[in-house]
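Below is one structure, written out as structure tokens; comments come after it.
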Amino acid sequence: MRILHTSDWHLGLDFYGVSLLEEQRRMIDEIAQIAVDEGVAAVLVAGDIFDRAVVAPDAIALYNYAMRRLCLEARLRVILCAGNHDGAARLSSLRDLLRRAGLYIFGRVGERDDQVDLGEAVVHVLPYVHTDDVRIAYPQEQERIACAADAMRIALDHRRPEKGDGRRHILMAHCIAAGGRTGQSDRAAAVGGALAVPTTLFAPYDYTALGHLHRPQTLSGAPVRYSGTPLCYSFAEADQEKSVTLLDTEDMSWRAVPLHPLHKVLRAQGTM
């Protein structure tokens, strides 16, 4: 089974005052085409679907277009979770109804279900963790939650996969993992790593599909992967090759599939 991992679309974001809606529509078309060409069973979108909690109508229209392309036209299952930029409640509206169309949305920690069964694989979903949400979801653990990393640890403790069932277990989450390289466009990354989550917490999973950091990267010592943004969202990203990650659950190998933006971001430096 093949699974496409992407994240941090930031629909509705402007690039220094220039609208990226045309670029993002092209991005959606390319991701949908890759998914069809590669015969994937599911698409994982690991948070920050939108750039802000209160979404402009044109960004919502683009989101509707993306889900129509993937769920209705390509007949793919799409699993997405809220990131720190998303309005979790708005994103989760009509989630039960949308599942019938193959769209699985996870807004906040503590919802009554937290996984999607794909047959050969199970995707466990953890949206962006707010400490207050974890305290509400697990009131018996309140005294153990002193920081965001504690909240993440407790949330993961309560959703450990059942190993030994012959299936692959994949975690999709939106967070800062220790050792991840941040950049100028990672606006919500914690200074000094105060929110960084130890990668040892991801050990029970066969693959961890992360969103939040914009640079595509694989963390050393664990099958933990940031797919990165599918477009350049700052000049600091001009040297990065943007891509989506294609995971094969048969041998848990993965490869980056390059994306081809409508316009390249170039950086020039000199005197004037």
Margin query: For the pair Gln240/Arg99, report the inter-label distance in nm, with labels modelled 7 Å from Cα in the Cβ direction.
Written below: 3.3 nm
Notebook entry, point to check: If you build a Gaussian network model of the chain, linking Cα atoms that sit under 10 Å apart, which residue out of Asp248, Asp133, Asp96 swings the most?
Noted result: Asp96
Next item on the list: Please name whichever of Pro139, Gly180, Tyr104 sits farthest to the positive end of the charge dipole of region 61-220, dipole taken about the Cα centre and charges placed at Cβ: Lys and Arg +1, Asp and Glu -1.
Entry: Tyr104
Checklist line | region 116-272, relative contact order [Cα under 8 Å, separation at least 6], % | finding: 17 percent
Notebook entry, point to check: Averaged per residue, what accessible surface does region 144-272 expose to a 1.4 Å probe, in Å²?
Noted result: 49 Å²
Item checked: Pairwise FRET efficiency - Ser253 versus Ala53, Cβ, R0 = 41 Å, nearest 0.05 -> 0.65
Check: How far apart, in nm, are the 7 Å Cα→Cβ label points at Met1 and His130?
Finding: 3.2 nm
Next item on the list: On each of the three principal axes of the Cα atoms of the chain, give max minus min coordinate, whole Å, ordered largest first.
Entry: 60, 42, 37
Notebook entry, point to check: Stretch Ala89-Arg68 to full length: gain in nm at 0.36 nm per residue minus the Cα-Cα span?
Noted result: 5.5 nm
Next item on the list: Return one whole number: the accessible area per residue of region 15-100 in Å², for a 1.4 Å probe.
Entry: 46 Å²
Margin query: Can you give me the % of accessible surface on the chain that is carbon or sulfur? Probe 1.4 Å, all protein chains present, nothing else counted.
Written below: 50 percent
Item checked: Charge dipole magnitude, Cβ of K and R +1, D and E -1 - the chain, Cα centre, debye nearest 20 -> 120 debye
Next item on the list: Hey, could you get me the Stokes-Einstein D for region 1-114, Kirkwood radius over alpha-carbon pairs, 37 °C and 0.692 mPa s, rounded to whole µm² s⁻¹?
Entry: 230 µm²/s
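The values are calculated or read from the model by the stated rules, or taken from the named source; none is laboratory data. Here the structure is a predicted model, which is why all the values come from computation and not from measurement. Note: ideal-geometry Cβ built from the backbone for every residue, glycine included; neighbour counts use all protein chains shown. Note: accessible area is taken over every heavy atom of the protein model, side chains too, but ligands, DNA and RNA are not part of it. Shrake-Rupley method; radii C 1.70, N 1.55, O 1.52, S 1.80 Å.
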